[in-house]
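Participant: Quick one: structure below, then a few questions.
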Amino acid sequence: MMTIMITTTSRRFALLVVVLALATLWACEAFYLPGVAPREFVAWDPVQPRVGRVSSAKTHIPFDYYELPLCEPVGKAKDAPANLGEILTADRYHDAPFQLKALVNETCKQICTLPKEGNGLRKALIVDRYDVRIRIDNMPAMYLQNRPTHGVSLRKEVQEEVPREIGYPLGSIRQVNGKRKLALNNHITLWITYHKLPPDSGSNHERARIISVYVTASSFKEESDEKWQETCREADENPLKFASDFAEPQLVESNVRMTYSVKWIETGNKWATRWDSILNMDSYEHETNWSSIVNSILLSLLLGFLVAVILLRSVKNDFAALRELEGDDFAEDTSNVNWKRLARDVFRPPKFLFILSVLYGNGSQLLAMVAVQMVFALLGFYSPSNRGSFITYSMIGYACMAVVGGRASSMLYGSFPDEVRRRQLVVATATLVPGIVFLSFFRHQL
């Protein structure tokens, strides 16, 4: 009787919990996991662009923006918050040397004036096709070569020309008077699409969320200090003229005035889909990663095949030698003579059992971490908006999988009679391989 009463009470309590959970669903709001919460802007709110790596598809050697002779910030450059993965991969971003206002179009605003000093390095960067990366509201700017003109919407332009690169080129090689010259892109235009939200109940200000950022670059020669704004506005109104060889570009030979423009364009796309255009990009980075993966797989298969051939030849030679041996130990069972002879050599204790156990434990730990990371990646726990999260969680997962590594190394070491150095084995498994890797990494960084 008492058991029946307890069971009935438990069912009622469980039913009550379910009803309360369903009753509170109306007050719940959600956004995709594990990214960042959407940021909303009101007109004239400050929007801080960020600059990061200056990279090239030709050299694959990135530089930090403020390490190069480009526009310097006012005062000391402020670093954007970064996690452990971004720090280890050197993917740091800083505040750009200019600031925007939300929902406010700007035309031909001056950033800085580049002096003649540093032109040699700028020319080398242009020859190696380096791109400057800009990020606004955590969205990287996608480069459009042909800018939208009158009568052509940005959406149509994006559909006709799918962006393939993140960031804009620092310059290009142009034909000037029949000669190849290095031109510096001294003007950029940021095309920022936003999704408008209804105003709050306590305010009449309209809110907006940034959906995507596109950037275009052009090069035009300044005739004089008094007419540079007029020339810059003409470049904004006639982009195809200044993107081709019809207009005289700004050569990397003298002081250069760097300018920018901002165009805010309303779109019907939702904030939750703003990463779709970037994830669908077929940029050189994706091609490089896939080629590296294919090369690694082919190299591993080739090495595995060579090792298998060598082992097979060694075993055949051992069998041939064992067939020539005769002994009393194998007189009873002649069918397993070769395997019994070979067992004495195969199952003997290794010469460096301690090092073998340490490497075996670290390998098991690494495999366990990779398996856990693959499960979380398949479940969609990694978001492109949270850069560096994969490296960060890999480090944490590797540390947590130390239990697996210690258990694996101890089992292998304990399967042989020598168990005296069990404590040293635990310490070596936890410090030897990770210590060598981190010392090599920090020595390379220094």
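The values are calculated or read from the model by the stated rules, or taken from the named source; none is laboratory data. What you are looking at is a predicted structure, and each value in this text was computed from that prediction instead of being measured. Quick reminder, even Gly has a Cβ in these numbers, built from the backbone with ideal geometry, and neighbours come from all protein chains shown. Areas reflect the complete protein model, heavy atoms only, side chains present, ligands, DNA and RNA absent. Shrake-Rupley method; radii C 1.70, N 1.55, O 1.52, S 1.80 Å.
Participant: Do we find that Gln145 is assigned to a loop (DSSP other than H, G, I, E, B) and at pLDDT below 90 in this structure?
Facilitator: On the way: assigned to a loop (DSSP other than H, G, I, E, B): yes; at pLDDT below 90: yes.
In short, yes.
Participant: Six or more apart or on different chains, Cβ under 9 Å: which pairs go from a residue in segment 347-374 that's within 19 Å of Phe416 (Cα to Cα) to one that's open to solvent by 80 Å² or more (accessible area, probe 1.4 Å) and not in a helix (DSSP H, G or I)? Could you list them?
Facilitator: Here the result reads Pro349/Pro417; Phe354/Arg421, each pair linking segment 347-374 to a residue that is open to solvent by 80 Å² or more (accessible area, probe 1.4 Å) and not in a helix (DSSP H, G or I).
Participant: Restricting to segment 205-261, and then to whatever is basic (Lys, Arg) and at pLDDT 80 or above, can you tell me which residue is surrounded by the most Cβ atoms within 10 Å (Cβ to Cβ)? Walk me through it before giving the result.
Facilitator: Within segment 205-261, the first condition is being basic (Lys, Arg), and the residues that meet it are 207, 209, 221, 227, 233, 241, 257.
This time we only want the ones that are at pLDDT 80 or above, so: 207, 209, 221, 233, 257.
Working: Arg207: 19, Arg209: 17, Lys221: 17, Arg233: 13, Arg257: 17.
Selected residue: Arg207.
Participant: Which ones in segment 91-140 are hydroxyl-bearing (Ser, Thr, Tyr) and crowded, with 18+ Cβ neighbours inside 10 Å? Give the steps one after another, and end with the answer.
Facilitator: First, pick out the residues of segment 91-140 that are hydroxyl-bearing (Ser, Thr, Tyr): 93, 107, 113, 130.
Correct list: Tyr93, Tyr130.
Participant: When you go through Gly52, Gly85 one by one, which is the residue that is in a strand (DSSP E or B), among the small types (Gly, Ala, Ser) and surrounded by 15 or more Cβ atoms within 10 Å (Cβ to Cβ)?
Facilitator: Working: Gly85 fails: in a strand (DSSP E or B).
Only one candidate qualifies: Gly52.
Participant: Scanning segment 408-425 for residues that are modelled with pLDDT of 85 or more and open to solvent by 70 Å² or more (accessible area, probe 1.4 Å), which turns out farthest from Ala368 (Cα to Cα)? Quick ask: steps written out before the conclusion?
Facilitator: Our first condition is that a residue be modelled with pLDDT of 85 or more; within segment 408-425, this holds for 408-413, 424-425.
Checking the rest, the ones that are also open to solvent by 70 Å² or more (accessible area, probe 1.4 Å) come to 411, 424.
Numbers: Met411: 16, Gln424: 23 Å.
Only one residue fits best here, namely Gln424.
Participant: Report yes if some residue within segment 180-197 is modelled with pLDDT under 80 and either over 30 Å from Ser385 (Cβ atoms) or open to solvent by 80 Å² or more (accessible area, probe 1.4 Å) (or both); otherwise report no.
Facilitator: Within segment 180-197, the first condition is being modelled with pLDDT under 80, and the residues that meet it are none.
Among the residues of segment 180-197, not one is modelled with pLDDT under 80 and either over 30 Å from Ser385 (Cβ atoms) or open to solvent by 80 Å² or more (accessible area, probe 1.4 Å) (or both), which makes the answer no.
Participant: Identify, please: which residue in segment 262-285 is charged (D, E, K, R) and modelled with pLDDT of 85 or more and is, among those, least open to solvent (accessible area, probe 1.4 Å)? Quick ask: steps written out before the conclusion?
Facilitator: Filtering segment 262-285 for residues charged (D, E, K, R) gives 263, 266, 270, 274, 276, 282, 285.
Subsequent filtering for residues that are modelled with pLDDT of 85 or more retains 263, 266, 270, 274.
Numbers: Lys263: 54, Glu266: 103, Lys270: 118, Arg274: 8 Å².
So the residue we want is Arg274.
Participant: Additional query: So Tyr393 passes all but one of these: (1) closer than 30 Å to Thr273 by Cα; (2) at pLDDT 90 or above. Which condition number does it fail?
Facilitator: With respect to (1) closer than 30 Å to Thr273 by Cα; (2) at pLDDT 90 or above, Tyr393 is out only on (2).
Participant: Here's a follow-up. Tell me, which residue of segment 58-83 that is closer than 15 Å to Asp131 by Cβ and among the aromatic types (Phe, Trp, Tyr) is farthest from the chain's Cα centre (by Cα)? Even if it seems obvious, please write down each step before you answer.
Facilitator: Taking segment 58-83 as the starting set, the residues that turn out to be closer than 15 Å to Asp131 by Cβ are 58-65, 68, 70.
Imposing the further condition that a residue be among the aromatic types (Phe, Trp, Tyr) reduces the set to 63, 65.
Working: Phe63: 16, Tyr65: 17 Å.
Ranking the candidates gives Tyr65 first.
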